[in-house]
Amino acid sequence: MYLGDPSNVNQSIEYDPDQNQYNINEKMGELFYRNPSYLTFDEFVREEFSKSTNNYWKEVSEGNAEEQKRSIIPKIYVGGQAFDRIFGGNTIDIRPQGSAELTFGVNIYRNDNPSIPEKQRRNATFDFKEKIQMNVVGNIGEKMKLTTNYNTEASFDFENKMKLEYTGYEDEIIKKLEAGNVTLPLSGSLIQGSQSLFGIKAQLQFGRLKVTTVISQQEGKASTIDVPPGGGQISKFEIQADQYEANKHYFLANYFKDNYDNSLKTLPIINSPVNITKLELWVTNKNSSTDNTRDIVAFMDLGEYKIYSNALISQGTSVFPSDSISNNLYQLMNNQYLPSRDVNAVSQALDPLAGTPYNFAPQQDYVRLVGARKLNPNEYTYNAKLGYVSLNQPLNSNEVLQLLLNILWEIQCIK
């Protein structure tokens, strides 16, 4: 509708004083592409006036369109002298800038496994992602200003800032009021200011007296590191031994755990009446080894004076690890639970529902190991006096360590 004439179309208007009219010729090169026409003087004046009026309104409409393109939210005018005196104007201008991206999707997973029920072979999940980078600047008159910066991909929360600022005129007591992310810069070097605060800040002036007040919480912390000329830096820290090497060091019995500190009180002499003469360690076979393997049923409280089991096992009288006098678990396995020696029948033999009087819980009171692997002497070290073993490789969370040991008791007299 608003396309112009091609560049090769020429229009010429000539005034004929004899006829008092305007001759209009439109040519394309040297050829007339339209028949010549003429307008009287009055018709020509009316035509020019109509063209100038249309051009004027077209320029006005295009100017308003450009103004609307600059801001999504148009300016709002609020009447009243009170509003003007408080905010220094009657116009509310909000200018958002940035981008907002929303992604919707559906992930469908299907597993054609015959062993899985038909309803569980297909799984559909809804995927929703958002990416927002938005800056909003709002002005209420000349005094009030709102600044907001929000980014969903910011590394830290304090990078998203929001501040509401009120700035008074030169002759007003209230110079500035800020709420949100504020700063407190100080010119002196003795007390340093802060740049990462969230709260309220007020700047007031009473004549020549200026007052600055801040009520906020600090969102950041500044630290200084002094590096020597050589460029090296030493940091000291403490860490517990059990946190440094986890799942590698184990006491062989509760007795050794309870008497560990007492045995080391007279260093370099270890005060311990125990000497371990033989030790075997068996572990869950994870590497499918076929050498030195056997089926094992490992009990937590076998030979222990302090028992962990909630089974009804009577307490013995000796604190030393012993199959016969520490507790009666060994006698029970030999007398009442002989089928437990069969690794394939141990679960049925110790099941309390089968009529057994004791409540042996699997994975807590006993563990059944099929094809356990014996550790080689070069895979661990142990202390014969203090009674602990150190593995060269840590155990995984699903592995079990079983020990078989012979102890020689020594009578020592220490003055």
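The values are calculated or read from the model by the stated rules, or taken from the named source; none is laboratory data. The shown structure was predicted, so the numbers you read here are calculated from the model rather than taken from an experiment. Cβ: placed from backbone, ideal geometry, glycine included. Neighbour counts: every protein chain shown. The protein model used for the area step is the full one, side chains on, heavy atoms only, and it has no ligands, DNA or RNA in it. Shrake-Rupley method; radii C 1.70, N 1.55, O 1.52, S 1.80 Å.
Conditions (1) touching a strand residue (DSSP E or B) at 6+ places or on another chain (Cβ under 7 Å); (2) free of Cβ contacts under 8 Å to residues at least 60 places away in the same chain; (3) surrounded by fewer than 13 Cβ atoms within 10 Å (Cβ to Cβ); (4) not acidic (Asp, Glu), marked per residue:
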position: PRO321; (1), (2), (3), (4): yes, no, no, yes
position: ASN327; (1), (2), (3), (4): yes, yes, no, yes
position: TYR330; (1), (2), (3), (4): no, yes, no, yes
position: ASN335; (1), (2), (3), (4): no, yes, yes, yes
position: ASP342; (1), (2), (3), (4): no, yes, yes, no
position: ASN359; (1), (2), (3), (4): no, yes, no, yes
position: ARG373; (1), (2), (3), (4): yes, no, no, yes
position: THR381; (1), (2), (3), (4): yes, yes, yes, yes
Query - Residues satisfying the stated conditions in the range 279-290, i.e. surrounded by fewer than 16 Cβ atoms within 10 Å (Cβ to Cβ) and modelled with pLDDT of 85 or more - result: GLU280
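Considering only residues that are surrounded by 10 or more Cβ atoms within 10 Å (Cβ to Cβ) and free of Cβ contacts under 8 Å to residues at least 12 places away in the same chain, which ones fall in the range 20-41?
Matches in the range 20-41: PHE32, ARG34.
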Requested in this report: Six or more apart or on different chains, Cβ under 6 Å: which pairs go from a residue in the range 157-171 that's over 9 Å from LEU146 (Cα atoms) and assigned to a loop (DSSP other than H, G, I, E, B) to one that's open to solvent by 70 Å² or more (accessible area, probe 1.4 Å) and of a type in the set (Asp, Glu)? Could you list them?
Outcome: none
Query - Unmet criterion (only one of (1) basic (Lys, Arg); (2) open to solvent by less than 60 Å² (accessible area, probe 1.4 Å); (3) over 29 Å from VAL370 (Cα atoms)) for LYS248 - result: (3)
Report summary line: The residue that is surrounded by the most Cβ atoms within 10 Å (Cβ to Cβ), considering only those in the range 157-179 that are modelled with pLDDT under 85 and under 31 Å from the mean Cα position of the chain (by Cα), is LYS161
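Just the residues that are over 11 Å from ASN181 (Cβ atoms) and either open to solvent by 80 Å² or more (accessible area, probe 1.4 Å) or not in a loop (DSSP other than H, G, I, E, B) (or both), please, taken from the range 139-156. Before you say what the answer is, go through the steps one by one.
The first filter runs over the range 139-156 and keeps only residues over 11 Å from ASN181 (Cβ atoms), leaving 139-146, 150-156.
ASN139, ILE140, GLU142, MET144, LYS145, LEU146, TYR150, ASN151, GLU153, SER155, PHE156, listed by residue number.
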Query - Selection from the range 89-138 of residues that are open to solvent by less than 60 Å² (accessible area, probe 1.4 Å) and over 29 Å from SER155 (Cα atoms) - result: GLY89, ASN90, THR91, ILE92, ASP93, ASN111, ASN113, ILE116, ARG121
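Residue by residue, here is whether (1) open to solvent by 70 Å² or more (accessible area, probe 1.4 Å); (2) on the phi < 0 side of the Ramachandran plot; (3) touching an Asp or Glu at 6+ places or on another chain (Cβ under 6 Å); (4) at pLDDT 85 or above holds:
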residue	(1), (2), (3), (4)
ASN275	no, yes, yes, yes
ASN292	yes, no, no, no
ASP301	no, yes, no, no
ILE313	no, yes, no, no
Report summary line: Among (1) under 26 Å from the mean Cα position of the chain (by Cα); (2) modelled with pLDDT of 75 or more; (3) within 30 Å of GLU142 (Cα to Cα), ILE239 falls short only on (3)
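Go through the range 181-206 and give me each residue that's at pLDDT 85 or above and either under 30 Å from the mean Cα position of the chain (by Cα) or surrounded by fewer than 15 Cβ atoms within 10 Å (Cβ to Cβ) (or both). Let's see the steps before the verdict.
Taking the range 181-206 as the starting set, the residues that turn out to be at pLDDT 85 or above are 199-206.
Within the range 181-206, GLY199, ILE200, PHE206 meet the criteria.
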**Report entry** Hey, ILE269 modelled with pLDDT of 80 or more, surrounded by fewer than 13 Cβ atoms within 10 Å (Cβ to Cβ) and part of a loop (DSSP other than H, G, I, E, B) or not
**Finding:** yes
Report task. Scan the range 357-398 for residues that are under 42 Å from the mean Cα position of the chain (by Cα), more than 25 Å from TYR330 (Cβ to Cβ) and outside any strand (DSSP E or B) and jot them down. Result -> GLU379, ASN392, GLN393, PRO394, LEU395, ASN396, SER397, ASN398
